[in-house]
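Contents: one structure, followed by commentary.
The values are calculated or read from the model by the stated rules, or taken from the named source; none is laboratory data. This is a predicted model, so every value here is computed, not measured. We place every Cβ from the backbone using ideal geometry, glycine too, and count neighbours over all the protein chains shown.
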């Protein structure tokens, strides 16, 4: 298992059969992700970013092509590829603790004691700074906190890969910035491999090792990849004046708004 | 007066967005939110009056209409006569003078017992079946035509089959309660299972939960409100059906009691029985509504 090819996507095709006929969502997608790498997928809405993420999660199956994670073909969803959903998807009848514990039990239930698993759950909540809210139900906490519980749930499984589908998309700008900083800290601490879908250019540059820019659909594919060579740990305020940061940002914007400018009929 | 009116029109214009929802709230509250101030006691009195008066007027109208009909129709007892009769009946609801002459309390309890048994068996069979039908497409395809075919059949049409199989009146009546309560429970449970949000099922898939965990942690809690709707519909129908079934089977029970009093030409008792049946049905329904409310979880928007 080479660490440089931890995740490998070869010639992935995705065709959806809809009532209006077949829709070619992804065409010939090729991508490799190294272990410990932070990748963001960016592109206009409808370009198939989430489709690609769902393929990696195993929630849907590629029409053609091969997807490999840690040397094994991705045949379905698995706790080793944890997903943080856009809408947090916490179960409203369970407390934050129970929501996380559900995942912990599933992954570690067979080999660890109950008290050890409770420790793991508490540790995951502590990692996202929510120890004090662990007894609360999801409807009693804010949107940002819910999303953090979602991240805690994903991290608690000690996944090989963390897949995030616009995890901060529904949050206000300040909360989003705060969670991005926390994510940087958490990823630095755990060394996770992350694939994250976003439509926020600053988020992409701040977080990523590489930014995968996708062309517009139908038959979307990877248009270009930007290697972000900014030293870590990254500090938001310092970066905003960093020349490299500004250049990366410009390159992504240029790709999105000049080369892949949204067709007028779609934008309307 | 002028000032309050003015303030109400002003803030109504300033807060157009609350208009849509505001219509469902009582008028006093709506006006209060628009800046009109009632004195607190006045507002409370008004709320109380609005809650109590209309139902009282409705009931009064019913009694009045009944009284007029009774005056023109000597066969029908007046409300006054019926009331006195009801007081007499309920002064001793639990007497026993042989199998065919028992207090109204025993009759109600006998009917409730039949409903409870038939209904309980229907829940025990129907809810799991509903889960299976909702969860597995194959079973849905298998059972849906059968359910569609049998659901519109009056439960009383099943009574002869019950008599034939069980060779006794009591199990036959329970059998028709079973038949009539099982359909709403199957259908609503299955609908609830189908409507479990895909997000929750995706969580289950990513966590790779066992079928048992999926059931206890995701399906059951999210289906519970639908299931309880089914239960509520079922108990309504069951209470309708028991009266008719008992008229046919005899024995002890509120339906039989109505029929018995008809044979005695004791019309006041029949009217008392109608009232009792209505009240018991209402209580059953309200109890289940309260139960359903306590199990309905708020959707968690982000």
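Here are some notes:
- Residue check, residue B:221 in the same structural domain as residue B:167 (by TED's automatic domain parsing), surrounded by fewer than 17 Cβ atoms within 10 Å (Cβ to Cβ), in contact (Cβ under 8 Å) with a residue 12 or more places away in the chain and over 30 Å from residue B:103 (Cα atoms): no
- Filtered by the rule that a residue be closer than 14 Å to residue A:81 by Cα and crowded, with 23+ Cβ neighbours inside 10 Å, region A:39-54 gives a lone residue, A:52.
- Of all the numbered requirements in (1) within 14 Å of another protein chain (Cβ to nearest Cβ); (2) in contact with a helix residue (DSSP H, G or I) (Cβ under 6 Å, 6 or more places away or on another chain); (3) part of a helix (DSSP H, G or I), residue B:296 misses one, and that requirement is (3).
- Yes/no for residue A:239 being modelled with pLDDT of 90 or more and either under 26 Å from residue A:163 (Cα atoms) or surrounded by fewer than 18 Cβ atoms within 10 Å (Cβ to Cβ) (or both): no
- Residue B:274 meets each of the listed conditions (1) in contact (Cβ under 8 Å) with a residue 60 or more places away in the chain; (2) surrounded by fewer than 23 Cβ atoms within 10 Å (Cβ to Cβ); (3) assigned to a helix (DSSP H, G or I) apart from (1).
- Residue check for residue B:209: under 24 Å from residue B:124 (Cα atoms) and surrounded by fewer than 22 Cβ atoms within 10 Å (Cβ to Cβ): no
- Residue check, residue B:280 in a helix (DSSP H, G or I) and crowded, with 20+ Cβ neighbours inside 10 Å: no
- All positions within region A:173-194 that are touching a strand residue (DSSP E or B) at 6+ places or on another chain (Cβ under 8 Å) and more than 25 Å from residue A:142 (Cα to Cα): A:192, A:193
- Candidates are the residues of region A:75-107 that are more than 8 Å from chain B (Cβ to nearest Cβ) and closer than 15 Å to residue A:164 by Cα; the one that is surrounded by the fewest Cβ atoms within 10 Å (Cβ to Cβ) is A:80.
- Selected residue (criterion: surrounded by the fewest Cβ atoms within 10 Å (Cβ to Cβ)) from residues of region B:97-124 that are in contact with a strand residue (DSSP E or B) (Cβ under 9 Å, 6 or more places away or on another chain) and outside any loop (DSSP other than H, G, I, E, B): B:106
- Matching residues, region A:127-147, being away from chain B (no Cβ under 12 Å) and within 21 Å of the chain's Cα centre (by Cα): A:127, A:128, A:129, A:130
- Which listed residue, of A:151, A:186, is closer than 21 Å to residue A:35 by Cα and away from chain B (no Cβ under 14 Å): A:186
- In region A:52-74, the residues that are under 21 Å from residue A:167 (Cβ atoms) and within 14 Å of chain B (Cβ to nearest Cβ): A:53, A:54, A:55, A:56, A:57, A:58, A:59, A:60, A:69, A:74
Yes or no, residue by residue, for (1) under 22 Å from residue A:255 (Cβ atoms); (2) free of Cβ contacts under 8 Å to residues at least 12 places away in the same chain; (3) in contact with a strand residue (DSSP E or B) (Cβ under 9 Å, 6 or more places away or on another chain):
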site: A:20; (1), (2), (3): no, yes, no
site: A:26; (1), (2), (3): yes, no, yes
site: A:38; (1), (2), (3): yes, no, yes
site: A:41; (1), (2), (3): yes, no, yes
site: A:44; (1), (2), (3): yes, no, yes
site: A:52; (1), (2), (3): yes, no, yes
site: A:58; (1), (2), (3): no, no, yes
